[in-house]
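Please see the structure below; I have some questions.
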Amino acid sequence: MYPFLILLAGMLVVIGGILFLRLHAFLALLLGAFVVATLTPADALRDFALEKGTSIEEADLLAEQSSGERISKGFGRTTGQVGIVNAMASIIGICLLESGAADRMVRSALRIVGPTRAPLAFTGSGFLLAIPVFFDTVFYLMIPLAKATRLRTGKGYLFYVLAIVAGGTMAHSLVPPTPGPLFVAGEFGVDIGLMILLGLAIGFLAASAGFLYAYWVSKRIELPLRETEESLGELEAIAGKEDAQLPP
């Protein structure tokens, strides 16, 4: 089977599993990995290993391994490279949230651009926070702040949410030392400094495009503020905190 078709089959399993079967992303990715591993012929594995400079014996051993063995070893290598960084990023995220430091960052950005440009502050804050921290952590970190801002302003909740997504996803995807871009830079031998500079430049343009889309769609769709894990009373407490209660 052609490599492109194998890749397409894996992507369909991942996307279909998340969107239609409502699987957790980890399970969908795992199923996609099994599909790709099962469809990949042994000859392709052998050729790949030989191109990497391994011996014929090692190439034959790789080709004879089961799909589960190859997936578990690949998962272990990736976890060894980014697992500790991921754990540290989660700790940083909790510290930023619990200490009020993230709230302080967003309030400072709001003070610079003004309350009428709150989405711009969310995009910039999301972009900066997503450089050292995984996007999902940034998202869960900033959504309560977006809800609190919605309580203060009374409008624009969808714009706030999409502004966070626009900034956070672009930095998470493009700018080291976020673990994903850092891993890609290492695999392809790209200079880290160069990737940071280009990631910042491309990420700024991409986040700007996302911001414009968020503005456009928020004029057409209204997203209500709903009760979730944080009650509206807790959000009002976040919104009502004095600056003196937050870290400098």
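Derivation of every value follows stated rules applied to the coordinates shown; laboratory data play no part. Just so it is clear, the structure is predicted and the values come from calculations on it, not from any experiment. Positions of Cβ are generated from backbone atoms using ideal geometry, with glycine treated the same way; all protein chains shown enter the neighbour counts.
Under 17 Å from a point 7 Å along the Cα-to-Cβ line of Leu246: which residues of segment 133-148 have their amide N that close?
Hits in segment 133-148 for Leu246 at 17 Å: 138-148.
What ³J(HN,Hα) values, in whole Hz, does the Karplus curve 6.51 cos²θ - 1.76 cosθ + 1.60 give for segment 36-53 when θ = phi - 60°, with x put for Gly and Pro?
These are the phi-based 3J(HN,Hα) values: 4, 5, 6, 7, 6, x, 4, 4, 5, 5, 5, 5, 4, 5, 5, 5, 7, x Hz.
Compute the distance from the alpha-carbon center of segment 28-43 to that of segment 119-191, in whole Å.
31
Let me ask something else about it. Using the Cα centre of segment 65-174 as origin and beta-carbon charges of +1 (Lys, Arg) and -1 (Asp, Glu), tell me which of Ser108, Ile92, Val165 is placed farthest towards the positive end of the dipole.
Result: Ser108.
Show me the trypsin sites (Lys or Arg not before Pro) within segment 88-152 that DSSP assigns to loop and that have at most 14 other Cβ atoms within 10 Å of their Cβ.
Counting only loop positions with at most 14 other Cβ atoms within 10 Å, none of the trypsin sites (Lys or Arg not before Pro) in segment 88-152 qualifies.
Could you work out which residue, out of Gly126, Gly17, Gly199, moves most in a Gaussian network model of the chain, that is, has the largest mean-square fluctuation with Cα springs under 10 Å?
Gly17
Listing Ser72, Ser66 from the residue with the fewest other Cβ atoms within 10 Å to the one with the most, what is the order?
Ser66, Ser72
Still on this structure, please answer the following. Per q in 0.11, 0.18, 0.25 Å⁻¹, report the Debye log10 I(q)/I(0) for segment 62-150, using one uniform scatterer on each alpha carbon and no solvent.
Taken in order of the listed q values, log10 I(q)/I(0) reads -0.43, -0.77, -1.18.
If you rank Leu225, Leu145 by fewest surrounding Cβ atoms within 10 Å, what's the result?
Ordered by Cβ neighbours within 10 Å, fewest first: Leu225, Leu145.
Taking only Cα atoms and a 10 Å spring cutoff, compute GNM fluctuations for the chain and point out the largest among Ser55, Ser173, Ser218.
In the Gaussian network model the winner is Ser55.
If each of Ala87 and Val113 carries a label point 7 Å out from its Cα toward its Cβ, how far apart are those two points in nm?
3.6
Here is a follow-up. Give the calculated FRET efficiency between Ile15 and Val184 to the nearest 0.05, with a Förster radius of 30 Å applied to their Cβ-Cβ distance.
Efficiency computed from Cβ-Cβ geometry: 0.90.
Another question, if that's okay. So if we plug the beta-carbon distance of Tyr213 and Ile56 into 1/(1 + (r/R0)^6) with R0 = 45 Å, what FRET efficiency do we get, rounded to 0.05?
0.30
For the chain, state the average projected area of the convex hull of the C-alpha atoms over all orientations, rounded to one decimal in nm².
Convex hull of Cα atoms, orientation-averaged projection: 15.9 nm².
Taking only Cα atoms and a 10 Å spring cutoff, compute GNM fluctuations for the chain and point out the largest among Leu151, Leu39, Leu212.
Leu39
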